[in-house]
C-alpha cells in the first residue's frame, strides 16, 4: 500500500477502536484483522471463516461507519481469509498449547481413572452455603434435590434444572452444592460457571484454537453447575457445544445441575434437542416465599449482622416485601442504617417511619426495565436489542410484546414507554400494542426463525408466560 493508504488504515483502525471500545477491539481486531484500501474497496483480512462471520454479523455497521468517516464517500467492504493471518494464528495456537502442557505437566490433581493425573480447573470463591439456605414450602423440593446431588453425585437423574424468578435462591443453591461437595466429597471434581462464563470461554477457545483445553475443563468432571443457563439462548454455536458437553457428562453417568430464570420450554431460541435433554431430568421450580419463610430469612440475616430485632418488626417487613430475598435484605439493611443514624431503638413505629418510602417504591409495581429483561430472556436476545432499530422477526416480536405488557401493566403513556424503550415514537408503541391485541384476538401462533427446530407458539401462551414470570396480574 502507498503511504497515504497506510495512513488511512491506521486512522481507520483507531476510529474502529473508538467506536467499539478497547476490549472488543483487542479481542476481534487487533491481531485478527488486516485492513487494506484500494480503489474504493476496504478489504478486511481475517484468519478463518468463523472470525469473518462473527465480525461481519456483529461489527459490519461499525466498520462501514468508520470507513465513511475516515475515507469519505461510498466504500465497499469485503471480507476474505488472509493466509498470513491464518499461519500466524496457527503458530500462536501451537505455542499456546505447548506452553499449557508444560505449565500443567507437574500439576498432579487427584488420581483419575487408570491412575492418570487429573488437572482441576481453578474455582472462584463461592459465598452460598447449604446451611445458610432457608427452607420453606416454596423451595423444599429444590433443596431436597440439591442435597441429593451432594450425597449422590452419580445419581439416577443426570440433569437437574432449577428455575425461578430473580432473587429466590437459585444461585445460592448451586453455590451451596459446590461448597458442600468440596467439604464432604473432596475427591469429586466439579465446575461452577455462569452461562456467560461458558459462552465467553467457548468463544475464546474457538478463536485461539484451544477447544481441547476447554472441553477438558467442562467434560472431565463429576458435576457441572451452570448458573443463568438462559444466557446461551440465541447463541447457536454455544448451544451446540453445550449439548455435546451435556451428552459427554450425562453419558458418563455424571451430573449436570442448571439454574435458569424460566422453565426450559419457556426460554425462547433454545433448540428442541437441548430442551428435550433438559426436561428429561428433574425440573424444579422455586416459588416466592411465604410470610413465615420471609421472616426466617430476615431473622437469620439479622443474626448474621449481630442485631436483635423485635419479632413484630420482622413480621411487618415480611408482610410488606413479597418480591424476592434481595429486597428483603435491602429493607433490613436500610432499617439498621436508619437506627444507627438516629440512635433510636428499633421498634415497629420506627420501622414504619424508616421504611415508608422504601415500601412505597417496592410495592407490586412493574418497571419497564424488568419487563425488558424478562422478555429478552424469553426470546433469547439482549435487552439492548429492544432499543435498536433492528427489525428482524425475533427482535420485532419481542419489542412488541414488551411494549404491550408495559402498556397493560404500568401507568405509563405511549410516549413515555417509547422514550424508555430507545426513544421510540409513540406511534411505534401504539402500533405494537394493536398488533399484539389482534394476534390475541385471532389466537394466532407466532414463531421466531433464528434457530431451526423452534416450534410456533400461541401468542397468548407467550404473554401468559411473561405475566407469570413478572408476577403481575391483569388490571381490574
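Quick note: the coordinates plus some simple rules give every number you see, no bench work behind them. The shown structure was predicted, so the numbers you read here are calculated from the model rather than taken from an experiment. Backbone-built Cβ (ideal geometry, glycine too); neighbour counts: all protein chains shown.
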Residues in the range 129-146, backbone N under 18 Å from the label point at residue 197 (7 Å along the Cα-to-beta-carbon vector): list them, ranges by number please. 129-130
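What length, rounded to one decimal in nm, is gained on full extension from residue 84 through to residue 457, with 0.36 nm per residue of separation minus their alpha-carbon distance?
On the way: separation 373, 0.36 × 373 = 134.28 nm, distance 4.80 nm.
Here the segment from residue 84 to residue 457 would lengthen by 129.5 nm.
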Which distance in nm do the two modelled labels at residue 27 and residue 41 give, with both placed 7 Å along the Cα-to-Cβ direction? 3.1
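Give the relative contact order (percent, whole number) for the range 3-86; include only Cα pairs under 8 Å separated by 6+ residues.
Values: 100 pairs, mean separation 30.0, N = 84.
Result for the range 3-86 is 36 percent.
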Label point distance in nm, residue 287-residue 49, each placed 7 Å from Cα along Cα→Cβ: 5.2
Would you mind getting me the FRET efficiency between residue 182 and residue 77? Use the beta-carbon distance for r and R0 = 45 Å, nearest 0.05. 0.30
Can you sort 216, 58 from fewest to most other Cβ atoms within 10 Å of each residue's own Cβ? 58, 216
Length added when fully stretched, residue 443-residue 296, from 0.36 nm per residue minus Cα-Cα: 48.5 nm
Taking R0 as 56 Å and r as the Cβ-Cβ distance between residue 413 and residue 252, the FRET efficiency 1/(1 + (r/R0)^6), rounded to the nearest 0.05, comes to 0.50
Based on other C-beta atoms within 10 Å, arrange 343, 140 from fewest to most. 343, 140
One finds, for residue 272 and residue 148 with R0 = 25 angstrom and r their Cβ-Cβ distance, a FRET efficiency to the nearest 0.05 of 0.35
